[in-house]
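Derivation of every value follows stated rules applied to the coordinates shown; laboratory data play no part. Note that the structure is predicted; figures quoted are calculated from it, not measured. Because the Cβ atoms are built from the backbone with ideal geometry, glycine has one as well, and the counts that use them run over all protein chains shown.
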Amino acid sequence: MVTNLDDSNWTAAFSAQRSGLFTNLEPHGVTEDVTLSAVMLREDDPGEAASMSMFSDFLQSFLKHSSTTVFDLVEEYENICSVQALNASEKAVVEALFQRDSLVRQSQLVVDWLESIAKDEIGDFSDNIEFYAKSVYWENTLHTLKQRQLSYIGSVRTLVTELDPDAPIRQKMPLDDLDREDEVRLLKYLFTLIRAGMTEEAQRLCKRCGQAWRAATLEGWKLYHDPNVNGGTELEPVEGNPYRCIWKISCWRMAEDELFNRYERAIYAALSGNLKQLLPVCDTWEDTVWAYFRVMVDSLVEQEIRTSVITLDETEELPREYLETNWTLEKVFEELQATDKKRVLEENQEHYHIVQKFLILGDIDGLMDEFSKWLSKSRNNLPGHLLRFMTHLILFFRTLGLQTKEEVSIEVLKTYIQLLINEKHTNLVAFYTCHLPQDLAVAQYALFLEGVTEFEQRHHCLELAKEADLDIATITKTVVENIRKKDNGEFSHHDLAPALDTGTTEEDRLKIDVIDWLVFDPAQRAEALKQGNAIMRKFLASKKHEAAKEVFVKIPQDSIAEIYNQWEEQGMESPLPPEDDNAIREYLCIRAYLEAHETFNEWFKHMNSAPQKPSLIPQPTFIEKTAHEHKEKKYEMDYGIWKGHLDALTADVKEKMYNVLLFVDGGWMVDVREDAEEDHERTHQMVLLRKLCLPMLCFLLHTILHNTGQYQECLQLADMVSSERHKLYLVFSKEELRKLLQKLRESSLMLLDQGLDPLGYEIQS
């Protein structure tokens, strides 16, 4: 730990200062004879030689700067010289040291911080020292000695015979047991106070316990300063201890003396900078770091005083290793890792102490690397408070404008955000997410919103995102797309059986409800339409018509009007963007298909609920015949009602199906605007949907017409399918065309049975 300076350099520097001082003090003792030897000595003077070599550099610097700058530099140099003058006091020298040396300042900050922690842990100290509230120290020993003088009792246990402060050490005799226990407790408390930076409180405690002499020993560290040296009209009080050097050496000796209690030695070790004697009572990481940094500051201050303040006192020097130690922050923590105390070594590996170490060192990159190791090693097992601290530390660094490793910072934020999500701290997620890069913030918050299912909670989360200045439009779009794309199933070809519907699963329910994210903000209606269309395309391809209908209901009915209003409010006189225009058309296509399918379901259900014609049993009685006649009349009435409703439903379903099959402007699920941005997936799905839905709808229409006896109109389906205007034949497979022809054949046979030709016209004779 100790790095010795070069002996010759140190001695030369020190000798030069001393010789200069003595020359100034005794000017008449110097012979002014200009001899050859004197000239040679002056030429060899190192100070003069150095000044001469520096003159050319000074002249160049002088010519480089403007006149104003030069005078500022000279003034600053004069100020420094005045502070570092030979008559500068210890206090002035140390104040200048703290102003110019960042290592001393930073080290003192560490000391102050560790002392403030210890002070907070002490609490109300007066509660612990009530038994010391007496004006006489060693009271029990005094009482015993007085009793011996009065009672002439024979030999008893040996005690000190004098009660001055040095008596136990000088006589090498003990105090009374009770006094010795009190003394140990008192010294431990005094050290605790000094450890907490409460030296004045320690002095007050000494006085309260009758040890004013000990309070005086805690006073000698103060730096000497005589404000009257620099002149002035009024005499001002002198500060500090003019014999501080002697006091410090005495403290060092006491710390080294094994006859004293370990806490008493530690007290004076802390005051004199004796690290070796201070460390034995430092059992924790904080105590040990405090000891190193306090001694570092003390040593650097002492080195500066010894260099800058010249005294005539020839006193015993402090140990050379103390005065010449080359202190660095890194060296402190290297020493800390080499300690033989198990507890300190264990605490040295704790997360918070590692963070504190890197902060003290100012090594932000090293701290980021440590964060990265923690995340890669046990991302899911890091304590929540630690993750929060890591996150806040990174945000604090950003506030200060300090550079942190971006990848590590992002990983810490993402990990903490995931913790907040897992622990249901919904109100905090948006605040931390906004500190991620925009694309990651969108992805992270969208992932969070996927797990929010309640309508009110969704609205609240979007409000929080708005307050955090997140891109809500992109986030909600991402949420919908994430859930929509979770189903990797491809579009499958419909079987030709007229199944009414396929059940809705829980996954389908998630896709239905996700549209809610896009309907909170009217400005997102166009996006709601596009995403709703995409979900409904999948449902229609899977014959999940009820699920598609639920999605359709989720989209507000005024969405198309709202889209146009939003466009007009932006002052746009041109047509809607092609993507929006095509989305509106697709929405209308799906609406037409769902209406046709729903009407068919009603027709199919009604068709299969026809009233049953009553039958008459063989050889009925009169009563049975009468009852049968009543049933027939009721049947005819019910049948008439049923038939009327069926005809209305048939006309309605025919119209709705033709609306789909003969959809205006190019056909069902065909875009009109071709200048839109190309979306291959959407285009592919729309082509497949035409091939899946239109043939089936055509077969359903034939079923309706055939079952209602409209055979001639059935045959007209062939004209519609083969029409070059609509080109419906392109969406039929060969198998489907074959089946369609088979159904048309059945209708022709029915016409032949009615005495008409295969096309439904009367046969000309």
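General observations
- In this structure the amide hydrogen of Met198, modeled in the peptide plane, comes within under 5 Å of no amide hydrogen from residues 5 or more places off or on another chain.
- Per-pair calculated FRET efficiency, R0 = 30 Å: Lys331 and Asp257 via Cβ, rounded to 0.05: 0.60
- Taken one residue at a time, the phi angles of segment 289-301 give Karplus couplings (6.51, -1.76, 1.60, θ = phi - 60°) of 4, 4, 4, 4, 6, 5, 5, 4, 4, 4, 5, 5, 5 Hz. Gly and Pro are set to x.
- Net charge of the neighbourhood of Thr708, taken over other residues with C-beta under 13 Å away and scored Lys/Arg +1, Asp/Glu -1, is -1.
- Extent along principal axes [Cα atoms of segment 558-652; Å; largest to smallest]: 84, 17, 15
- Calculated FRET efficiency, Val229 to Arg100, Cβ-Cβ distance, R0 = 30 Å: about 0.85 to the nearest 0.05.
- The string of couplings for segment 330-342 from the Karplus curve (6.51, -1.76, 1.60, θ = phi - 60°) is 4, 5, 4, 6, 5, 5, 4, 6, 9, 5, 9, 8, 4 Hz, one whole number per residue in order, with x for Gly and Pro.
- Highest average packing first - 453-466, 189-202, Cβ atoms within 10 Å: 189-202, 453-466
- With the simple spin-label model, which puts each label point 7 Å out from Cα in the Cβ direction, the Gln557 to Lys631 separation comes to 4.6 nm.
- Percent breakdown of C-alpha pair distances by 5 Å bin, ordered from the shortest bin, for segment 575-753: 1, 7, 13, 14, 15, 12, 9, 8, 6, 4, 3, 2, 2, 1, 1, 0
- Whole-number percent relative contact order across segment 351-554, with pairs defined as alpha carbons under 8 Å at least 6 apart: 14
- For segment 351-554, the C-alpha radius of gyration divided by 2.2 N^0.38 Å, with N the number of residues, is 1.29.
- Note that segment 631-638 has calculated 3J(HN,Hα) couplings of 5, 5, 4, 5, 4, 4, 5, 5 Hz, one per residue in order, obtained from phi through the Karplus relation 6.51 cos²θ - 1.76 cosθ + 1.60 (θ = phi - 60°); glycine and proline are x.
- Distance in nm between pseudo-label sites at Arg745 and Glu219 (7 Å out along the Cβ direction from Cα): 12.6
- Efficiency of FRET between Gln403 and Ala338 - r from beta-carbon atoms, R0 51 angstrom, step 0.05: 0.95
- Footprinting exposure proxy ranking of Tyr432, Tyr445, Tyr243, Tyr729, fewest other C-beta atoms within 10 angstrom first, gives Tyr243, Tyr729, Tyr432, Tyr445.
- Summed side-chain charge close to Lys654 - residues other than Lys654 whose Cβ falls under 11 Å, Lys, Arg +1, Asp, Glu -1: -3
- Relative contact order of segment 575-753, pairs being alpha-carbon contacts under 8 Å that are 6 or more residues apart, as %: 24
- Volume per residue for segment 192-275 equals 117 cubic angstrom (convex hull of Cα atoms).
- Extension gain from Asp521 to Tyr729, taking 0.36 nm per residue of separation minus the Cα-Cα distance: 70.6 nm
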